[in-house]
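Just below is one structure, and these are the notes that go with it.
The values are calculated or read from the model by the stated rules, or taken from the named source; none is laboratory data. Because the structure is a prediction, the values reported are computed rather than measured. Heads up, the Cβs are rebuilt from the backbone with ideal geometry, glycines too, and the neighbour counts pull from every protein chain shown. Each accessible area value is taken on the protein alone, full model and side chains, heavy atoms only, with ligands, DNA and RNA left out. Shrake-Rupley method; radii C 1.70, N 1.55, O 1.52, S 1.80 Å.
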Amino acid sequence: MIQLLFALLLAEVAVVGVLLFNTPLRKLALLGLDRLKRGRGPLVVRTIAATGLVVLGSSLYSMSKIWSRSDQIGALTPTDQVLHSRHFLEASLMGYSLFLALIIDRLHHYIREWRGLRKSMEAATKQNRLLEEAKSGKSDEIKGREEKITSLNEEIQQLKLASEERMKEVKTAEANAIALRKQSEGLLLEYDRLLEDNQNLRSQLQSIDHHLSHSDSKKNA
């Protein structure tokens, strides 16, 4: 389960990295996300997200049970420490995976919306240029075209403001994604440390079991 969550987390980090930079891979990623959001894709994604939330809740509940049991006996046993570390790692990985999935969805939405705004702004700018070049008509036509130019200029300003706002949101999402990628790297280091602690605890448990079995054999003798 932990290996699967790590693979999912690394895949999501890779997708976020692809979406952050304007490369041919970004176009492929956008096409893939577009297809994923069509047909039965959203239903499958919601089902997977709901399953992830259930796993996250189960891990948190197991951690709370371990802590309540430790309060009763006064301290965590080695077995409880191993189980608590495992549940904590699963909950952390699942939480990061769900957050990265949300970041990917928002990045995809903002990039698509920003591209639409840019195309609209380019079309409005082209139409404005054509109107300015065709000013050599009658006075009524000139006035009408000037009104259209004014209207188009206002529309361009609104589109520019909307584009700047979207760019700010995209930059914020990119900053969050970079911070989350750094946290995931720290989590990989934490996973290595937990594996080492788990191995040490297992060695201690085996030593205790060997000592107890040796004591029982002496008593029987």
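Could you say which residue among LEU205, LEU180 is within 30 Å of GLN81 (Cβ to Cβ), open to solvent by 50 Å² or more (accessible area, probe 1.4 Å) and among the aliphatic types (A, V, I, L, M)? Full working, then the answer.
Numbers: LEU180 fails: open to solvent by 50 Å² or more (accessible area, probe 1.4 Å).
The conditions single out LEU205.
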Looking at ASN176, ASN128, which is the one that is closer than 30 Å to LEU53 by Cα, at pLDDT 80 or above and in a helix (DSSP H, G or I)? ASN176
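Has segment 6-26 got any residue that is open to solvent by 80 Å² or more (accessible area, probe 1.4 Å) and not in a helix (DSSP H, G or I)? Before the answer, list the steps.
Step one: filter segment 6-26 for residues open to solvent by 80 Å² or more (accessible area, probe 1.4 Å), giving 10, 21-22, 24-25.
So of that shortlist, the ones also not in a helix (DSSP H, G or I) come out as 21-22.
The answer is yes; a qualifying residue exists.
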From the list GLU113, GLU122, which one is in a helix (DSSP H, G or I) and over 30 Å from VAL13 (Cβ atoms)? GLU122
Selection over segment 147-168 where residues are in contact with a helix residue (DSSP H, G or I) (Cβ under 6 Å, 6 or more places away or on another chain) and either touching a residue at least 60 places away in the same chain (Cβ under 8 Å) or of a type in the set (Val, Ile, Thr) (or both) yields a count of 2
In segment 30-44, which residue that is of a type in the set (A, V, I, L, M, F, W, C) and under 19 Å from LEU19 (Cα atoms) is least open to solvent (accessible area, probe 1.4 Å)? LEU30
GLN3 passes all but one of (1) open to solvent by less than 40 Å² (accessible area, probe 1.4 Å); (2) modelled with pLDDT under 80; which number fails? (1)
Can you find a residue that is under 21 Å from ALA173 (Cβ atoms) and either at pLDDT below 75 or of a type in the set (Gly, Ala, Ser) (or both) anywhere in segment 6-15? yes
Cβ-Cβ distance below 6 Å, separation of 6 or more or different chains: which pairs start in segment 40-68 with a residue that is farther than 23 Å from ASP80 by Cα and end on one that is surrounded by 14 or more Cβ atoms within 10 Å (Cβ to Cβ)? GLY52/MET94; GLY52/LEU98
